Every structure is written in structure tokens, then in C-alpha cells.
């Protein structure tokens with residue numbers, strides 16, 4: 001079995017992955033000891049389920065490679081845990097302008113820097129955005145560079161990030177043997193991939209879907225209220241979805257989930273808002289998406305949040321609940337696109 005095939009197999013067994021962006025890419029980074037505790041908790045829960053943990057990190061998730069340095073410090077202190085984790089890293093983007101850097105030499109330099117700052121082998125790498133300035137159906141030289149690094153054993157496989165249906169088809173046609181997964185946004189507030197062909201083509205091609213921001217950037221946690229405000233430096237304060245009348249409207253969905261799902265559960269089988277949100281994503285598996293596997297990657301800045309998000313027995317919703325949510329979503333329209341300012 002190739003390394004790519006093994007990664008696909010490992011991810012298909014995983015019910016929840018861990019997004020580490022919010023540990024470092026925030027006005028005040030999470031204290032190291034607290035972050036370490038959360039990371040160790042993720043690994044422990046994965047081990048208890050007989051699977052590998054999945055860490056999703058980024059070259060630009062905070063200044064000066066701070067996200068990668070955090071992971072390095074953790075595994076330097078706890079090297080015995082490294083073999084129990086799959087690391088997937090985004091890169092090849094200008095951290096100042098957020099402009100994609102897809103030229104071959106830029107991609108290779110990015111991978112080398114990521115490996116250097118992680119201080120360990122990198123299982124999966126992805127260019128954060130396709131560099132469309134290079135022309136073509138997709139930037140071929142970016143993938144030539146990544147494939148060469150897989151062949152050399154520098155990385156084990158490639159993930160796609162923020163791609164559309166046609167790009168997935170074109171890239172898969174040329175690089176299928178290197179592709180492990182496709183990372184795209186999916187939550188009850190961002191269901192685009194279920195309607196624009198992305199989920200369907202991943203299912204047809206058997207590509208794992210890594211679902212980032214499954215808690216709607218906090219909208220599905222219950223922490224954001226009608227009178228909430230955001231700290232300086234929190235990018236959500238700039239996004240239409242989180243501002244003024246848009247936020248007031250969008251919270252109708254959160255309030256529906258609280259009233260019609262959370263509050264209706266018997267005391268013997270409670271569920272929280274984040275668990276409903278994650279349970280809905282997991283419930284998509286085995287329905288029309290039976291050939292792929294969708295893995296939500298919530299964050300969790302402390303042990304308590306990790307335990308809430310990663311409790312697979314609790315993040316399950318019933319058929320009745322799934323259908324009730326589906327009926328509501330048919331009539332509800334979110335105000336503000338994912339990155340609409």
C-alpha cells in the first residue's frame with residue numbers, strides 16, 4: 001500500500017480532526033501549556049478510538065511560523081506522541097498580502113520552510129489557494145513541485161484547498177495517485193459544497209473531504225449572542241455575516257438548533273450546540289456521500305472544548321433531528337457570504 005493510500009485509509013477511519021489555526025492566529029494566542037493540553041487531549045481521544053489524530057496547521061496561521069513552532073515545541077516535549085498524528089499543512093501564500101505563490105520554486109521553498117519549522121516529517125501539504133496568475137485550468141507547476149516532493153519522500157501526499165468542481169476534476173485527472181483529500185468549508189452556515197458539485201465530485205472520485213470551520217467560526221457554539229461584539233483584530237468584525245442586521249438574522253439558525261434540537265433532548269441523552277453542528281456533518285456520511293468520507297476539523301482552545309467536540313458518541317444526531325434540520329435549511333437563507341466584507 002502506498003503512503004497516499006494509507007493516508008486515505010487512516011482518514012476514512014477518523015470521525016473528527018483538529019484545526020489548530022485558532023491557537024495562534026488570534027489577537028492573543030492561546031498560552032502554550034493550555035494549547036499543549038488540548039493537543040494531547042486530541043491525541044488521547046484518537047488513541048482511545050483506535051485511530052490516528054489529524055492536526056491541520058498553517059504556515060501563515062500567526063506571525064513568524066508561530067503555528068508550526070507551537071507544534072514543534074509540543075512534539076519536542078512529547079516525541080512519543082508524534083507517530084500517532086497525521087499533520088496536514090497549508091502554505092505557498094504571501095503572509096502579508098495573502099497572495100498565492102504557486103511557482104515551482106515558491107512551493108518547494110514553502111514546503112522546506114514548513115518542515116524546518118515543524119521539525120518533523122510532514123504527511124500532507126496543500127497550497128492554500130491555487131495561483132491562478134499562472135494560467136491554465138490549474139497551476140500545473142505547483143503540482144509538479146508537490147508531486148516531486150512526494151516522490152522524494154519529503155511529504156507523503158497532497159491535499160487540495162479552496163478548489164471548485166472543475167479544478168478538482170482537472171487536478172485529479174493528472175495527479176490522482178498523489179491526492180489524499182480536499183479541504184473546504186462546510187457547516188450549517190456554509191453548505192455551498194453540497195450544492196455546487198464539490199461534495200458530489202469528491203464522492204465520485206473517492207476523495208476524503210476535510211471540512212474546516214464546521215462550527216461556523218463560532219456562530220454554532222452558542223458563544224455569539226445578539227449583543228456580542230468582537231475584540232480588535234478579530235477578523236469576524238469585518239465580515240458581513242457577523243455584523244449588524246446580518247448577525248441578528250443569522251442567529252435565527254442558532255436559536256432554532258437550541259430550541260428544536262438541544263432543548264428537546266431528554267436529560268439522559270443531552271447534546272450541545274457544537275455537538276449538533278458536528279453531528280449534522282457526520283450524518284452526511286453514508287447517505288448520498290457513501291464513497292467519500294467527510295471529516296470535520298473543529299478547533300478547541302482548551303481540554304474542555306476538545307472533549308466536547310471530539311466525543312463521537314455525543315456528536316450524533318437522530319434521523320428525526322437530521323430531517324428537522326434539513327427542512328429548516330431549505331427555508332433559511334444565510335446573510336453574508338463566507339468572506340463577504
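The values are calculated or read from the model by the stated rules, or taken from the named source; none is laboratory data. Model, not experiment: these values are computed from the prediction. With ideal geometry, Cβ positions are generated from the backbone for all residues, glycine too; neighbour counts draw on all protein chains shown.
A few points about this structure:
- The residues on offer are 251, 257, and the sole one that is over 24 Å from residue 53 (Cβ atoms), assigned to a helix (DSSP H, G or I) and modelled with pLDDT under 95 is 251.
- Region 301-311, residues that are within 24 Å of residue 256 (Cβ to Cβ) and either touching a residue at least 60 places away in the same chain (Cβ under 8 Å) or part of a loop (DSSP other than H, G, I, E, B) (or both): 305, 309, 311
- Selection from region 79-92 of residues that are assigned to a helix (DSSP H, G or I) and touching a helix residue (DSSP H, G or I) at 6+ places or on another chain (Cβ under 8 Å): 81, 82, 84
- Across region 79-86, not a single residue is classified as closer than 15 Å to residue 111 by Cβ and in contact with a strand residue (DSSP E or B) (Cβ under 6 Å, 6 or more places away or on another chain).
- Here residue 79 passes the criteria (1) at pLDDT 95 or above; (2) surrounded by 16 or more Cβ atoms within 10 Å (Cβ to Cβ) except the one numbered (2).
- Residues in region 93-111 that are surrounded by 14 or more Cβ atoms within 10 Å (Cβ to Cβ), touching a residue at least 24 places away in the same chain (Cβ under 8 Å) and either farther than 16 Å from residue 21 by Cα or out of contact with any helix residue (DSSP H, G or I) (no Cβ under 9 Å at 6 or more places or on another chain) (or both): 100, 101, 102, 103, 104, 107, 108, 110, 111.
- Subset of region 172-202 [over 14 Å from the mean Cα position of the chain (by Cα), without any contact (Cβ under 8 Å) to a residue 60 or more places away in the chain and crowded, with 18+ Cβ neighbours inside 10 Å]: 172, 175, 198, 201
- Per the listing 325, 281, the residue uniquely in a helix (DSSP H, G or I), modelled with pLDDT of 95 or more and out of contact with any helix residue (DSSP H, G or I) (no Cβ under 9 Å at 6 or more places or on another chain) is 281.
- Contact map, region 212-235: first residue at negative phi and modelled with pLDDT under 70, second residue surrounded by fewer than 18 Cβ atoms within 10 Å (Cβ to Cβ) and assigned to a loop (DSSP other than H, G, I, E, B), Cβ cut-off under 6 Å, separation 6 or more or different chains; pairs are 231/27.
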